[in-house]
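In what follows, a structure is listed as structure tokens, so that the remarks can point back to it.
The values are calculated or read from the model by the stated rules, or taken from the named source; none is laboratory data. Not measured: the values here are computed from a predicted model. Every residue, glycine among them, receives a Cβ derived from its backbone with ideal geometry; neighbour counts consider all protein chains shown. These area figures cover heavy atoms from the full protein model, side chains too; ligands, DNA and RNA do not enter into them. Shrake-Rupley method; radii C 1.70, N 1.55, O 1.52, S 1.80 Å.
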Amino acid sequence: PSSKMVLGTAWTHKHLRRIARAFGDVLFVDATEGTNDEERPLLTVSVRTLLMKQVVVLRAVLPNNQRWVYRWFFQDVISSLLGKSFSNQVKVVLTDGDWNEMAAVDEAFNSHFKIAIRQRC
């Protein structure tokens, strides 16, 4: 028998995509633990508007914190949900100290975030 399982899910909204495109020069990326019953990490991507308001433009419930999950997110999810050209405008990606997250961002620079640098917050 065949069975299907959801490993991770990500979402945004048309209004949030417009905000991301308008203010997406700097991305703030953060994974938070303990936000759901299954204890899966919640990954958020946010931008800061001209009025210094932080807006979460993309959310994802991840299966775990392994490197392949972050690779999937940074190389596939962002371009699928925010548009293929979105990553070309990103100049800085701010992450915390999670090694798997940082490594996946660095890998994505070769193919997706070509003009961006990664900084730790």
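Tabulated data for the structure shown
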{"item": "Subset of region 1-35 (residues that are without any contact (Cβ under 8 Å) to a residue 40 or more places away in the chain and closer than 20 Å to Asp98 by Cα)", "result": "Thr32, Glu33, Gly34, Thr35"}
{"item": "Selected residue [at pLDDT below 90 and closer than 18 Å to Val47 by Cβ] from Ala108, Ala104", "result": "Ala108"}
{"item": "In region 49-97, the residues that are part of a loop (DSSP other than H, G, I, E, B) and either under 16 Å from Ala116 (Cα atoms) or open to solvent by 80 Å² or more (accessible area, probe 1.4 Å) (or both)", "result": "Leu50, Leu51, Met52, Lys53, Gln66, Lys84, Ser85, Val90, Lys91"}
{"item": "Complete set of residues in region 1-48 that are loosely packed, with under 12 Cβ neighbours inside 10 Å and part of a strand (DSSP E or B)", "result": "Trp11, Thr32"}
{"item": "Residue match in region 100-121 (condition: within 17 Å of Thr32 (Cβ to Cβ) and part of a loop (DSSP other than H, G, I, E, B))", "result": "yes"}
{"item": "Matching residues in region 36-58 - criterion: being farther than 15 Å from Val90 by Cα and under 17 Å from the mean Cα position of the chain (by Cα)", "result": "Arg40, Pro41, Leu42, Leu43, Thr44, Gln54, Val55, Val56"}
{"item": "Test: residue in region 100-115 that is in contact (Cβ under 8 Å) with a residue 40 or more places away in the chain, under 14 Å from the mean Cα position of the chain (by Cα) and open to solvent by less than 50 Å² (accessible area, probe 1.4 Å)", "result": "yes"}
